1. Is at least one residue of segment 67-90 touching a residue at least 40 places away in the same chain (Cβ under 8 Å), acidic (Asp, Glu), assigned to a loop (DSSP other than H, G, I, E, B) and within 26 Å of residue 113 (Cα to Cα)?
2. Can you name the condition, by its number, that residue 27 falls short on among (1) touching an Asp or Glu at 6+ places or on another chain (Cβ under 8 Å); (2) over 14 Å from residue 96 (Cα atoms)?
3. Go through (1) charged (D, E, K, R); (2) crowded, with 16+ Cβ neighbours inside 10 Å; (3) in contact (Cβ under 8 Å) with a residue 24 or more places away in the chain one by one and return the number of the condition residue 58 breaks.
4. Residue pairs, Cβ under 8 Å, 6 or more apart or interchain, first in segment 91-113 and under 18 Å from residue 11 (Cβ atoms), second among the small types (Gly, Ala, Ser). List them.
5. Scan segment 12-65 for residues that are within 28 Å of residue 113 (Cα to Cα), part of a strand (DSSP E or B) and polar (S, T, N, Q) and report the count.
6. If residue 44 meets every condition in (1) touching a Phe, Trp or Tyr at 6+ places or on another chain (Cβ under 8 Å); (2) under 20 Å from residue 109 (Cβ atoms); (3) not aromatic (Phe, Trp, Tyr) apart from one, which number is that one?
Amino acid sequence: MDIEEIRDFCLSLKGSTEDLKWGGVLCFTVENKIFLLYALDSPNLINVKIDPEYFDEEVAKPGISQAFHMAKRHWISIHEFERLPENDLKSYILNSRSLVIKKLSKAIQQKYL
């Protein structure tokens, strides 16, 4: 998947929006909470939220590292995301979004079940 396909996928998810923040970071959000970041000056890299329980397992994989300037063990960077199989990339995105939704109030979570 390239960034346009990722963008289309993210925006196809109920309640997802995009915003440009911090002078060049494309952010995909649900209920104004970020679930994916794409820095325009780092075109081969996305950041997604991850369950801290799986952090060590994920960063041991080639092309995945702790996300720079993000909450330690809660965010990973996927380098050269275009090389990742589409289903795997979508899984990372959906998991990230799900983790964000789980932090919202129960009433708001109901909108996304």
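1. No, because not a single residue in segment 67-90 is touching a residue at least 40 places away in the same chain (Cβ under 8 Å), acidic (Asp, Glu), assigned to a loop (DSSP other than H, G, I, E, B) and within 26 Å of residue 113 (Cα to Cα).
2. Going through (1) touching an Asp or Glu at 6+ places or on another chain (Cβ under 8 Å); (2) over 14 Å from residue 96 (Cα atoms) one by one, residue 27 breaks only (2).
3. Only one criterion in (1) charged (D, E, K, R); (2) crowded, with 16+ Cβ neighbours inside 10 Å; (3) in contact (Cβ under 8 Å) with a residue 24 or more places away in the chain is unmet by residue 58, namely (3).
4. From residues that are under 18 Å from residue 11 (Cβ atoms), the pairs are 97/16; 111/15; 112/15.
5. The qualifying residues number 4.
6. (2)
The numbers here are math on the coordinates, done by the rules we state, and not lab data. Just so it is clear, the model here is predicted, and its values are computed rather than measured. Neighbour counts are summed over all protein chains in view; Cβ atoms, including those assigned to glycine, are modelled from backbone coordinates with ideal geometry.
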